Amino acid sequence: MPRLDSPDDFLAPKIVREAAQNAWVKAQFITKLKENGVLSEEQIQQFHRHAVDHSADKPLMRRTRLQHRDIEREFNDMDLGSFTRATAVYIRDHVPNDRCIQVYEDVLSVLPSSEEMPAAREPAVNPREKPETAFSVSRAAPESRKSNAELIDALASAIDMEPGTAIGIRGQITMWDSIDDETKMGGILAPYYGLVGAGRLGRAHMLGDVPNPHVRDRLMDYINIVVQEDRRECARRAVFSDLAPAELEEYSAVITRKRIQEEAEATGSTDLRTNRVLGNRAVRRPREAANAAQQGAVLDKINEDIDLTPKPGFGFRDYDCVEPISRSVVKPGLKELDPSEADVEVGKDIDRDCDQIRAMIARFTNGTEWTVDRFRLALGGISRPQLTTFLKKKGPAEGKQTMVFQLAWEFFKKRELLGLPLTRTLDDDDNDDNSDGGDDDVLQPQDGNRRRKRPSAGGENDKTGRKRTRTSGRRS
């Protein structure tokens with residue numbers, strides 16, 4: 001085996017591979033441009049100059065002979081990202097609007113998959129695959145149906161849209177489709193160029209990856225909202241040539257109703273989520289409302305129905321690194337310990353995992369006097385972003401080393417030992433008529449989720465006078 005004389009020798013194979021890949025992609029781009037009639041042999045040098053000038057953010061200008069000699073070297077040294085953006089701009093400036101997106105998709109189809117996010121992984125089910133309306137699927141014969149690119153080009157041609165605007169529409173639709181429904185994470189859009197990197201498929205997301213019915217719906221929505229009223233009918237006929245005039249009118253009305261409904265639901269959900277976090281407290285800054293709504297949305301996605309059976313020995317409560325809770329876990333907003341909790345010792349054995357704690361937080365802050373902020377402040381020095389980051393994680397051990405996990409476990413353990421409810425307020429339990437001995441799931445220090453009959457409040461079997469921490473059941 002040859003000896004490696006310097007750290008650069010380790011990088012040499014990767015650098016060579018990347019250079020070879022970049023050269024191949026550039027050659028394929030040029031081949032595609034020539035196949036689409038956008039570039040001739042005589043124009044290749046001009047294209048090289050365009051790419052170099054765009055990459056260096058220089059205006060096109062006359063170059064000296066010496067500078068011309070440098071073009072090829074600079075062109076060969078261009079990174080793939082800069083070259084791709086330059087190509088997108090060239091297409092925008094040199095291809096008519098009736099075929100701009102078709103050429104764009106064909107040329108960019110040669111982009112390689114990202115090594116960091118391999119495309120070979122099994123893609124999640126796309127929720128946009130299912131048609132939303134009776135008109136979402138084209139009624140033309142399969143061989144006559146417009147592709148996604150043809151649909152956008154038809155719109156651009158019908159209303160004389162600038163190619164750059166069409167590329168922007170293409171980018172927005174593609175970006176939204178790149179979002180993974182489970183993680184809610186999507187690709188990164190470069191708006192000016194319409195490029196979407198990564199996303200749910202683990203590679204550059206293309207317009208061809210978007211379900212055709214979804215593209216039709218989004219274009220109808222765009223026509224309804226953005227296109228000038230006197231040009232809408234023409235745009236609809238051009239894009240949806242498979243539909244009769246009456247069907248076009250109904251399709252437009254259905255999409256309009258869906259938008260109104262979605263906006264109303266989004267507004268209502270945002271208000272509910274913000275209220276869950278902040279309660280009735282006045283919002284100090286717009287950013288605070290946005291962050292609170294985001295945290296509420298994260299809580300909505302947490303699975304509250306997981307098994308909360310204790311897991312002794314799961315973790316260790318390190319009081320040297322994270323000081324004990326000094327605020328009340330009994331009364332929200334109380335800055336000192338309530339007398340009833342002053343002598344409670346929870347020990348060091350953390351007996352619930354991270355997913356269980358996340359579920360308990362979600363349950364506890366849903367419909368009780370304990371807002372998320374009140375809960376967070378009771379833990380001590382935990383910021384809203386710290387709590388949100390913990391809540392976003394998934395997996396029994398994800399977040400195990402965080403302050404949030406240790407303090408939240410201590411909070412619920414204290415309430416458990418005090419016999420306080422997890423999902424009901426104290427007043428709700430007192431008013432609950434359950435004297436017939438109906439079953440409820442409760443938390444018990446000894447046996448976790450073991451089901452027991454609950455004695456009626458103040459009944460002869462109620463010898464402790466304490467409430468038990470509930471793990472499920474009806475919410476108020």
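Readers should treat all values here as calculations from the given coordinates under stated rules, not as data from a laboratory. All values reported here derive from a predicted model rather than from experimental measurement. Note that each Cβ is placed from the backbone with ideal geometry, even for glycine, and that neighbours are counted across all protein chains shown.
Taking 0.36 nm per residue of sequence separation and removing the Cα-Cα distance, the Asp320/Ser340 pair yields an extension gain of 4.7 nm. For Asp349, the residues whose amide H sits under 5 Å from its own are Arg317, ignoring neighbours fewer than 5 places away on the same chain, with H placed 1.01 Å from N. Sorting the Cα pairs of segment 352-424 by distance into bins of 10 Å, from 0 upward, gives 20, 59, 21, 0 percent per bin.
In nm, to one decimal, how far is the Gln261 label point from the Asp70 one, both placed 7 Å along Cα→Cβ? About 6.1 nm separates the two model spin labels.
For segment 123-182, the mean projected area of the C-alpha convex hull, equal to one quarter of the hull surface, is 5.3 nm².
Ranking Ala141, Cys234, Met175 by how far each Cα lies toward the positive end of the dipole of segment 138-239 (charges on Cβ) leaves Ala141 at the top. The phi-based Karplus calculation (6.51 cos²θ - 1.76 cosθ + 1.60; θ = phi - 60°) puts the 3J(HN,Hα) values of segment 211-217 at x, 4, x, 5, 5, 4, 4 Hz, whole numbers, x for Gly and Pro.
Spacing of the modelled spin labels on Gln28 and Ala297, each 7 Å from Cα toward Cβ, amounts to 3.4 nm. Taking amide H positions as modeled 1.01 Å from N, with prolines and chain starts lacking one, the residues under 5 Å from Leu195 and 5 or more places away or on another chain are Ala190. Residues in segment 147-160 carry Karplus couplings, in order, of 6, 4, 5, 5, 4, 5, 5, 4, 5, 4, 5, 5, 10, 6 Hz; the curve used is 6.51 cos²θ - 1.76 cosθ + 1.60 with θ = phi - 60°, and Gly or Pro positions show x. Rounded to whole numbers, the Karplus 3J(HN,Hα) couplings from phi for segment 248-256 are 4, 5, 5, 4, 4, 5, 4, 5, 5 Hz, using 6.51 cos²θ - 1.76 cosθ + 1.60 with θ = phi - 60°, and x at Gly and Pro. For the pair Asn36 and Gln172, the difference between a 0.36 nm per residue extended length and the Cα-Cα distance amounts to 46.5 nm. Using alpha carbon centroids, what distance separates segment 187-245 and segment 14-32, in Å? That distance is 30 Å. Amide H to amide H distances under 5 Å link Leu422 with Arg470, where only residues 5 or more positions off or on other chains count and H is placed in the peptide plane.
With both labels modelled 7 Å from their Cα along Cα-to-Cβ, the Glu150 to Thr389 distance reads 5.0 nm. Looking at segment 325-369, the GluC sites (Glu not before Pro) that sit in a DSSP loop and have at most 11 other Cβ atoms within 10 Å of their own Cβ are Glu336, Glu345.
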